[in-house]
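K.L.:
Take a look at this one; I'll ask things after.
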């Protein structure tokens, strides 16, 4: 059995709407700032724990788009390629449909499914 751990203070809350393009005034579009915050969160985990087995809870309203995109970005920071990260998330969450706007900000050269 692997020992669970909790790293005090490692918590990230992002607020943006599940949209892939231009939006009205009342919606928050995914931005580079969100991607940078996800990557910084991963760096903070690595600094605190190293690259090791760790459960990370990621959630959004439906668990299909925003959270799966964030999971892919996190996995790439833990030395996964974007392709491998996408495969891993698909295994965990088969109904995933990662937010393409967030992913394209993280890796503009990758063609997403």
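K.L.:
State the number of residues belonging to region 89-113 that are outside any loop (DSSP other than H, G, I, E, B) and in contact with a helix residue (DSSP H, G or I) (Cβ under 6 Å, 6 or more places away or on another chain). Full working, then the answer.
P.N.:
Taking region 89-113 as the starting set, the residues that turn out to be outside any loop (DSSP other than H, G, I, E, B) are 89-92, 100-106.
Adding the requirement that they be in contact with a helix residue (DSSP H, G or I) (Cβ under 6 Å, 6 or more places away or on another chain) leaves 89, 102-103, 105-106.
Number of matching residues: 5.
K.L.:
Filter region 56-88 for residues that are exposed (fewer than 15 other Cβ atoms within 10 Å of the Cβ), touching a helix residue (DSSP H, G or I) at 6+ places or on another chain (Cβ under 8 Å) and modelled with pLDDT of 90 or more and give the result.
P.N.:
Within region 56-88, 84, 88 qualify.
K.L.:
So the check is Cβ under 6 Å with 6+ separation or different chains; which pairs have a first residue in region 46-68 that's over 18 Å from residue 103 (Cα atoms) and a second one that's assigned to a loop (DSSP other than H, G, I, E, B) and at pLDDT 80 or above?
P.N.:
The qualifying pairs are 51/78.
The values are calculated or read from the model by the stated rules, or taken from the named source; none is laboratory data. Keep in mind that what you see is a predicted model, and the values were worked out from it rather than measured. When we count neighbours, we look across all protein chains shown, and the Cβ atoms used for this are built from the backbone with ideal geometry, even at glycine.
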